[in-house]
Amino acid sequence: MHPFTRQVRDFFVSLKLTVVLLACSLVLVFAATLAQVELGIYVVQERFFHSFIAIWHVGSLYVPLPGGYLVGGLLLINLIAAHIYRLKFEWRKAGIQLTHGGLIVLLIGELLTGLWQEDFSMQLSENETKSYSESFRLHELAVIDTTDAQFDDVVVIPDTKLARSETVQHPKLPFRVVTRAFYPNAALARRDASAPQAAGSAVPAITQGMGSAVAVTPLPITYKPNETNSPAAIIEIIGADASLGTWLVSPELGMPQTFSHAGRTWRLALRLQRAYKPFALQLLKVTHDIYVGTDLPKNFSSRIKLTTPDGRDDREVLIYMNNPLRYGGFTFYQYQMNAATGLTVFQVVRNPSWLLPYIACIMMGFGLVLQFGLSLLKFIDKRRTTSTPAAA
Amino acid sequence: MRTHRPTLVLAVLLLLLANGCRDREVTAYRVPKEKEAPPPMAAAAPSGGLPADHPPVGGAAPGAPAGAPATMANTAVPTASGAGLSWTAPASWTPKAASAMRRGSFAVKRDGGEADLSITAFPGDTGGLHPNLNRWRSQVGLPAASPTELDAALQHLDGQGLHFDVIELVGTANGAPSRMLGAITTHGGNSWFFKLLGPDALVAAEKPAFLAFLQTVKAP
């Protein structure tokens, strides 16, 4: 083996690496727990665990820490490498091997969940039908060609591209979309259209749409779990010959904004990121039951109609607490409800690797039972052999 | 072959991670036309959204539903503060959620169509009566009118201690013939705007109900 290859192998097989990584994970969890007070659980998950390097703010200090992907990834490699090179398979150690195998599956499962899990929501009013779910936090700019009477042709630009002020020229758009300003969190208020934005405001001029009568006040990003950020962007549409103007887009603007260009009608909307499904749900009825004679909640349930365009599925389903709908790889949980206004919200989760933690736990449980069982048998056997001569 | 295994494992892991770190891309798709959706902010649950005894779920704010409407549930928008007005809406109007910019919101449905009634309030005179009337005119595709023309088009309505300037505008919104009934009143140093906007025939048919609704608006 080449000396360098051997060095790399020894590094990854090393038990010292395991100890260092476990120590790192302790520090990481400690730092993340403290940071959660300020940042909330979602941001902490993203910054500390779904990253390679985490930056921990301690007062005015910025402390770099190995992120969850780095620690978990190295731990996974370390564990697999140890299995290949250090732990030779023996029946009497089958329990340890199985337990380690379970740990590997658990780590891979967590990695795949971090990479592939979708966690969206679907909000429905009674009799409303939807075939898409929406992100809890991510936004997108939808540029919609509404000319066709039957269909909408939609081009969506993620908010990450707006935040980087990238110019978007898509083959389906006869114009360029240029971001002039993006505010991750902003407050909107009505103002006189003829008055300028607030003095000293760096907000670019808005020449088109209802944004011209709205004052935009950028706000700091909030991390509080009970608050949400409302982004706003000022975008310019530039045709082949000239600019068509600048628009303010925000989920806060109640009315859709439309314009005409090249003989077609377009609509602009900054909205929560959507994920369309190959089926539709219609909310038929929401029910909030209470125990008779009390105000105690007994049950929250939503009766929905599930349909597919090909007509293969057309059935009613009752979704209630702890009884989600599993369909097409998605799980719809009863999440929130307002029975008074006939409104329900489902949490829509897709996690292709959802079985792995269960498999891992079974492997580890079985491995531990096997290992302790083998040790017990060995102990009994040893005791029997040592006690036999004494008896004789 | 044995010596290549770590490299292979590393390569697979890096590929997985690279897959996870990829940026969201611009995408295009075609979807069947939606029925006119209610305005995003109007779709939110009313304040206190969940029943008071609903168990907290998912870590979201109680009363802040998970979708789009939750986005502005708690951000500070300089709308009017102080004591609000109260009203009684016709039973046929469907209450929608209030929001940071709306004090009240209703879906007015009739014959398969739907109009949107919004109630907003802002401090001061928000630029004055005439600019606001012209702003409404622009929303139904009408050019700005002179103060004299606007005054001539105004109707005046006295309700329960409040005076309303009411205007009716016919034009187009979103490419369809539309009608707007708007009413402005002042209370406690704030301007209150009541606006019903929707299909022409529907709003025309709802005018008596709208005027009767204004009569129910009262200060606390």
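It is to be established whether one or more residues within region A:41-58 are β-branched (Val, Ile, Thr), in a strand (DSSP E or B) and more than 19 Å from A:ALA23 (Cα to Cα).
So far as region A:41-58 goes, yes, one or more of its residues are β-branched (Val, Ile, Thr), in a strand (DSSP E or B) and more than 19 Å from A:ALA23 (Cα to Cα).
Given the options A:ARG271, A:ARG315, name the one that is within 11 Å of chain B (Cβ to nearest Cβ) and either among the small types (Gly, Ala, Ser) or in contact with a strand residue (DSSP E or B) (Cβ under 7 Å, 6 or more places away or on another chain) (or both).
Answer to the check: A:ARG271.
Which one of the conditions (1) modelled with pLDDT of 90 or more; (2) part of a strand (DSSP E or B); (3) open to solvent by 10 Å² or more (accessible area, probe 1.4 Å); (4) out of contact with any Lys or Arg (no Cβ under 7 Å at 6 or more places or on another chain) does B:LEU211 fail to meet, given that it meets all the rest?
Failed condition: (2).
If I ask for residues that are open to solvent by 60 Å² or more (accessible area, probe 1.4 Å), part of a loop (DSSP other than H, G, I, E, B) and among the hydrophobic types (A, V, I, L, M, F, W, C), which ones from region A:77-98 would you list?
First, pick out the residues of region A:77-98 that are open to solvent by 60 Å² or more (accessible area, probe 1.4 Å): A:86, A:88-93, A:96.
Adding the requirement that they be part of a loop (DSSP other than H, G, I, E, B) leaves A:86, A:88-90.
Residue satisfying the conditions is A:PHE89 alone.
Could you count how many residues in region A:342-358 are surrounded by fewer than 19 Cβ atoms within 10 Å (Cβ to Cβ) and of a type in the set (Ser, Thr, Tyr)?
2
If I filter region A:282-296 for residues that are in contact with a Gly (Cβ under 6 Å, 6 or more places away or on another chain), under 13 Å from A:MET337 (Cβ atoms), assigned to a strand (DSSP E or B) and within 14 Å of chain B (Cβ to nearest Cβ), do I get at least one hit?
Taking every residue of region A:282-296 in turn, at least one turns out to be in contact with a Gly (Cβ under 6 Å, 6 or more places away or on another chain), under 13 Å from A:MET337 (Cβ atoms), assigned to a strand (DSSP E or B) and within 14 Å of chain B (Cβ to nearest Cβ).
Which of the residues that make up region A:115-124 are in contact (Cβ under 8 Å) with a residue 40 or more places away in the chain and surrounded by fewer than 19 Cβ atoms within 10 Å (Cβ to Cβ)?
A:TRP116, A:GLN117, A:GLU118, A:ASP119
How many of the residues in region A:199-225 are modelled with pLDDT under 80, surrounded by fewer than 15 Cβ atoms within 10 Å (Cβ to Cβ) and within 11 Å of chain B (Cβ to nearest Cβ)?
Qualifying residue count, region A:199-225: 1.
Determine whether region A:136-148 contains at least one residue that is open to solvent by 30 Å² or more (accessible area, probe 1.4 Å), free of Cβ contacts under 8 Å to residues at least 12 places away in the same chain and at the interface with chain B (Cβ under 9 Å from one of its Cβ atoms).
yes
Go through the residues of region A:100-107 one by one and say whether even a single one is within 11 Å of chain B (Cβ to nearest Cβ), open to solvent by less than 60 Å² (accessible area, probe 1.4 Å) and within 25 Å of A:PRO357 (Cβ to Cβ). Step through it out loud before you land on a result.
From region A:100-107, those within 11 Å of chain B (Cβ to nearest Cβ) are A:104, A:107; that's our starting set.
Those left that are additionally open to solvent by less than 60 Å² (accessible area, probe 1.4 Å): A:104, A:107.
Add one more test, that the residue is within 25 Å of A:PRO357 (Cβ to Cβ), and what stays is A:104, A:107.
Yes, region A:100-107 has at least one match.
From the list A:ALA142, A:ALA149, which one is over 18 Å from the mean Cα position of the chain (by Cα), among the aliphatic types (A, V, I, L, M) and at pLDDT below 90? Write out each step before concluding.
Working: A:ALA142 fails: at pLDDT below 90.
One residue alone meets the criteria, A:ALA149.
Please pick out the residue among A:LEU34, A:LEU39, A:LEU21 that is hydrophobic (A, V, I, L, M, F, W, C) and in contact with a Leu (Cβ under 8 Å, 6 or more places away or on another chain).
A:LEU21
Every residue in region A:330-378 that is among the β-branched types (Val, Ile, Thr) and touching a residue at least 60 places away in the same chain (Cβ under 8 Å), please.
Within region A:330-378, A:THR341, A:THR344, A:VAL345, A:VAL348, A:VAL349, A:ILE359, A:ILE362, A:VAL369 meet the criteria.
Please determine, by comparing only the residues of region A:1-48 that are of a type in the set (Phe, Trp, Tyr) and open to solvent by less than 70 Å² (accessible area, probe 1.4 Å), which one is nearest to the chain's Cα centre (by Cα).
Per the criteria, the residue is A:PHE48.
Consider A:GLY263 against the criteria (1) over 23 Å from the mean Cα position of the chain (by Cα); (2) surrounded by 14 or more Cβ atoms within 10 Å (Cβ to Cβ): it satisfies all of them except one. Which criterion is unmet?
Failing condition for A:GLY263: (2).
The values are calculated or read from the model by the stated rules, or taken from the named source; none is laboratory data. The model shown is predicted, which means the values in this text are computed figures rather than measured ones. Note: ideal-geometry Cβ built from the backbone for every residue, glycine included; neighbour counts use all protein chains shown. Just so you know, the surface numbers come from the protein's heavy atoms only, side chains and all, with ligands and any DNA or RNA stripped out. Shrake-Rupley method; radii C 1.70, N 1.55, O 1.52, S 1.80 Å.
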